[in-house]
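Undergrad: Structure provided below as structure tokens; questions to follow.
Nothing in this text is a laboratory measurement; each read-out follows from the coordinates by a stated rule. Owing to the predicted nature of the structure, the values given are computational and were not obtained by experimental measurement. Counting neighbours? That spans all protein chains shown, and the Cβs are built from the backbone with ideal geometry, glycine included.
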Amino acid sequence: MSEERKAAQEQDWSAYRGVMIVIEHRRGEAKKVSWQLLGEGRKLADKLETSLLALVIGHDVEHLAAESIRYGADRVYLCQAPELLDYRTRPYSRVCLSAIHEIKPEIVLYGATATGRDLAGAIATHLPTGLTADCTELDVEPHPSRLLMASRPAFSEKMMATILCKQYRPQMATARAGVFQALAPDPERTGEVVHLEVREDYSNTAAQVIAFLEEKSSVNLEEADIIVAGGRGLGGAEGFSLLRELAEVLGGEVGATRAAVDAGWITHEHQIGQTGHTVRPKLYIAAGISGAVQHTVGMQGSDVIIAVNKDPQAPIFQIAHYAMAGDLFQIIPALIREFAKRRGAVLTSTDAAASPQSVAAPEAGIPDEAMTQTAAGRGV
């Protein structure tokens, strides 16, 4: 055993306490994953009987410190300077490193976003610790170990691996957006704000932000309140045109399973599941999706799940709040007509011509026997 490893095993980590969330934002507008991590961090901190901390870096972002407290933080460390207005790896990582050395949190969590991954990776190279990336489950062991159990999909999504950092502190992980639930903001909640000094001049850092040319994706699943998703049961790319029309009428987005993406029926940016997006919409309509675990882990946190499948024994019905056992090429057009009628929307292809695989849906909508509310919202 190396001397360094032996020393690490004998290290006293009692000075490291607290769960810290690094708050990610774009020019003062917080990313939802930050509030989601504060929600999960609250659970971890309570189990460890320690404080939930937040680190806010930027310029003119006092409001984010106040928001962090409302979303569950006990103490917020705020570091502000004009040169920290926009994210750049070196300034942000140096400020974060300085904060970690000073505050000594036992756990540090980042969002598994482009920025979060870049920042966490840069910090991990300068600390004698590890980093578990892209986690979908987080838990802790109580005293005396106080270990973070960071779990993520492994071996081509066939199993979950739980990774421990037994010999070093802080324990660090990035976590996917949409996996965890944010707490409801409490405007009456109070906490402490600690101001940190900027100890270096970052104005002449080699990397400079000249301008932001924001490229907005046409798909925004993680922010969507309504998602209409399809799987193998659609039979081909043509089936997704039906889902797009339903999503348009509802004002939602179109999602897909990995099988549909792999088949080339729709692009990867629509994929939901272990290797795609994790979502928590208010309404999730699953059409032609069997309910394999690789997909359901990415959407099972939805407020209301409606499953449409011709197989009454489909596993998706076990997590759905409402089950619609029948031909989706009858049910989806009926839904489109009914929602369009209620919203006064203009119908497009559905009324003009039915899908080649469909049969004319009832004019009044979906037959009562096609819709089943699952017992207690879970299971048929």
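Undergrad: For THR174, list long-range residues whose amide hydrogen, built 1.01 Å from N in the peptide plane, is under 5 Å from its own amide hydrogen.
TA: TYR110, THR132, ALA133, ASP134, CYS135
Undergrad: Going down the list LYS32/LYS341; LYS31/LYS341; LYS282/LYS310, which pairs span over 29 Å between their C-alpha atoms? Can you show the working numbers first?
TA: Numbers: LYS32/LYS341 34 Å; LYS31/LYS341 36 Å; LYS282/LYS310 24 Å.
The answer is LYS32/LYS341; LYS31/LYS341.
Undergrad: Starting from the Cα gyration tensor of segment 111-154, take the square roots of the eigenvalues, sort them a ≥ b ≥ c, and report rounded, prolate or oblate (rounded when a/c is under 1.5, otherwise prolate if a/b is larger than b/c, else oblate).
TA: oblate
Undergrad: Also: What does the C-alpha gyration tensor say about the overall shape of segment 13-196? Classify as rounded when a/c is under 1.5, otherwise prolate if a/b is larger than b/c, or oblate. Please list the in-between numbers first.
TA: On the way: a/c = 1.39, a/b = 1.29, b/c = 1.08.
Rounded.
Undergrad: Something else: What ranking do ASP12, ASP303, ASP139, ASP74 get, fewest neighbouring Cβ atoms within 10 angstrom at the top? Provide the component values of the computation, followed by the final result.
TA: Values: ASP12 6, ASP303 11, ASP139 14, ASP74 19.
Ranking ASP12, ASP303, ASP139, ASP74 by Cβ neighbours within 10 Å, fewest first, gives ASP12, ASP303, ASP139, ASP74.
Undergrad: Can you list residues whose amide H is under 5 Å from CYS165's amide H, if they're 5+ apart or on another chain and H is modeled 1.01 Å from N?
TA: For CYS165, whose amide H was placed from the backbone, the distant partners under 5 Å are LEU148.
Undergrad: Fewest to most neighbouring Cβ within 10 Å: what's the order for LYS31, LYS282?
TA: Values: LYS31 18, LYS282 12.
If I rank by nearby Cβ atoms, fewest first, I get LYS282, LYS31.
Undergrad: Using Cβ counts within 10 Å as a stand-in for footprinting exposure, how do VAL261, VAL95 rank, fewest first?
TA: Values: VAL261 19, VAL95 23.
The most exposed by this proxy come first: VAL261, VAL95.
Undergrad: Right, next: Whole angstrom only: what separates the Cα centroid of segment 231-253 from the Cα centroid of segment 37-93?
TA: Here the answer is 39 Å between Cα centres.
Undergrad: Applying the Karplus parametrisation 6.51 cos²θ - 1.76 cosθ + 1.60 with θ = phi - 60° to the phi angles of segment 100-113, what ³J(HN,Hα) value in whole Hz is obtained for each residue in order, glycine and proline being reported as x?
TA: 5, 5, 7, 8, 6, x, 7, 9, 10, 10, 10, x, 7, 9
Undergrad: Label ARG232 and ALA122 with points 7 Å out from Cα along Cα→Cβ: what is the distance between them in nm?
TA: My value for the distance between the label points is 4.4 nm.
Undergrad: Spin-label point model (7 Å from Cα, Cβ direction): what's the GLU137 to LEU164 distance in nm?
TA: Placing both labels 7 Å beyond Cα along the Cβ direction yields 1.5 nm.
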